[in-house]
Amino acid sequence: MKTLWQNCHAATMARGVYSIIEDAAIVTQGEHIHWIGPRAELPAGDYPTVNDLNGAWVTPGLIDCHTHTVFGGNRSGEFEQRLQGVSYAEIAAAGGGIASTVRATRAASEDELFASAAKRLKSLMRDGVTTVEIKSGYGLDLASERKMLRVIRRLGAELPVSVRSTCLAAHALPPEYQDRADDYIEHICAEMLPALAAEGLVDAVDAFCEYLAFSPEQVERVFLTAQRLGLPVKLHAEQLSSLNGSSLAARYQALSADHLEFMTEDDAKAMAASGTVAVLLPGAFYFLRETQLPPMDALRKHGVKIAVASDLNPGTSPALSLRLMLNMACTCLRLTPEEALAGATIHAAQALGMASTHGSLEAGKVADFVAWHIERPADLAYWLGGDLEKRVVRHGVEID
Ligand code: DI6
Ligand code: FE
């Protein structure tokens, strides 16, 4: 059964520069886009359902390709501390930071984690997000990581949003492994990842490569295990210092390397060669009041694909709006509105290994799109949050 959507303009994001179709028509069939093009070229045929989009701009459903949506508690108290001059690293060293969220997450039941995460996820969805990646990484032992990943799977099963789960067991050192980082990495590789992967809970594997987390050597052991298990990798790299983690990620054909404020031009070359997407996280940049910008010129010069994500997490980016991140990507990181939108659609899909089915409006792709009542696509990076009038279609069905 075909459905026609018309009286709209489309920013298809299929081939860069918004790929605009003025006065477009979209034909969906079941969950997929059957045809998209100028309305004047619409194939003659029988369209039992016709939807009038009232002149809206249609974009692909937004994709938030880096979030930590599932966690216990929150850290607004640390936010206050930091504003009184205590640094993120100092808070972490004193047992706060990620460790405090680990305590709260371990103490929470699966139902409690689900309920609090569902609220945050619904906030992202109200902003036109139809696909989201969510990481574990606040459990840091087998049972608690499993609990988080099960909640992540349940979010995808119970809410009308596509959810990708990433195992971030190598996020921080759990207290029971204090001063034994290599042993914890061994535990991840020998026990946690094989078990969680066997249970079908993991779509990708991530790690935090940083002086206050894990070294490139330790990350490489995690990557080797992921490779053996047939799982793609991603990496938190170059957020606070330069360890060339993004080059390491490129060597393992990582889907993405994320943060990247301190990356070098050589890292950019390596990422371009491997097709590893640069995921920029302006929420964390802003919230930590960082001053070192990711090297935009090097990324552009070498043709690295750039994505933008919320990094929604309780410590460094309590961001509940992906559109606000598009604005911050422009104002703080100097992206253009068009780069920012590509970063939350086609390039975000690539950062999740989903670019063949998601991220742009093209025949054959999944029919996830948003019809926005805006004047032009740049509006999506222009308004600072808020609730834009829109209709959201997921898998060919209107959900908003
Ligand atoms: N980088 C981040 O910005 C978050 N994790 C990471 O590896 C911070 C997570 C937190 O502070 O809870
Ligand atoms: Fe993160």
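With contacts defined as alpha carbon pairs under 8 Å and 6 or more residues apart, what's the relative contact order of the chain in percent?
19
Using the Karplus curve 6.51 cos²θ - 1.76 cosθ + 1.60 with θ = phi - 60°, what ³J(HN,Hα) values do you get for each residue of segment 229-241, in whole Hz, with x for Gly and Pro?
Working through the residues one at a time gives 8, x, 9, x, 10, 9, 8, 7, 9, 6, 7, 10, 7 Hz.
Check the straight Cα-Cα distances from K147 and name the aspartates and glutamates below 19 Å, setting aside those fewer than 8 residues away within the same chain.
In chain and number order, the partners are E110, D111, E112, E133, E158, E176, E191, E199, D203, D206.
With springs only between Cα atoms under 10 Å apart, run a GNM on the chain and tell me which of D379, D203, D52 wobbles the most.
Of D379, D203, D52, the most mobile in the Gaussian network model is D52.
Which lysines, if any, have their Cα less than 19 Å from the Cα of K390, not counting same-chain residues under 8 positions apart?
Correct list for K390: K122.
Around S109, what is the net charge, scoring Lys/Arg as +1 and Asp/Glu as -1 over all other residues with Cβ under 13 Å from its Cβ?
+1
Neighbour counts of other C-beta atoms within 10 Å: give me Y18, Y177 arranged from fewest to most. Walk me through the numbers before you get to the answer.
Details: Y18 21, Y177 17.
Listing Y18, Y177 from fewest to most nearby Cβ atoms yields Y177, Y18.
Taking Cα pairs under 8 Å and at least six residues apart, what relative contact order does segment 60-189 come out at, in percent?
29
Against the longest principal axis of the chain, how steep is helix 110-125, in degrees 0 to 90 to the nearest 10, with axes from Cα atoms?
40
Once you've got the GNM for the chain with C-alpha springs shorter than 10 Å, pick whichever of R82, R39, R251 has the biggest mean-square fluctuation.
R82
Return P(r) of the chain (all Cα-Cα pairs; 20 Å bins starting at 0; whole %; ordered from short to long distances).
Reading the bins upward from 0: 29, 57, 13, 0.
Summing Lys, Arg as +1 and Asp, Glu as -1, what charge do residues with Cβ under 12 Å from the Cβ of G37 carry, G37 excluded?
Here the charged neighbours net out to -3.
Taking the Cβ of each residue in C65, C332, C189, C8 as the centre, tally the other Cβ atoms inside 10 Å and list the residues starting with the fewest. Before the final figure, lay out the partial values.
Numbers: C65 30, C332 16, C189 21, C8 24.
Ascending Cβ contact count within 10 Å gives the list C332, C189, C8, C65.
Under a cut-off of 29 Å between alpha-carbon atoms, report the lysines in cross-link reach of K269, not counting same-chain residues fewer than 8 places apart.
Output for K269: K135, K234, K301, K305.
Can you tell me which of L212, L62, L281 moves the most in a GNM of the chain? Springs connect C-alpha atoms under 10 Å apart.
Evaluated over the chain, the most mobile residue of the options is L212.
Rounded to whole Hz and in sequence order, give me ³J(HN,Hα) for segment 175-190 from the Karplus expression 6.51 cos²θ - 1.76 cosθ + 1.60, θ = phi - 60°, writing x for Gly and Pro.
Rounded to whole hertz, the list is x, 6, 10, 3, 6, 10, 4, 5, 5, 5, 4, 4, 4, 4, 6, 7.
Readers should treat all values here as calculations from the given coordinates under stated rules, not as data from a laboratory. It should be emphasised that the depicted structure is a prediction, and the values quoted were computed from it without experimental measurement. Quick reminder, even Gly has a Cβ in these numbers, built from the backbone with ideal geometry, and neighbours come from all protein chains shown.
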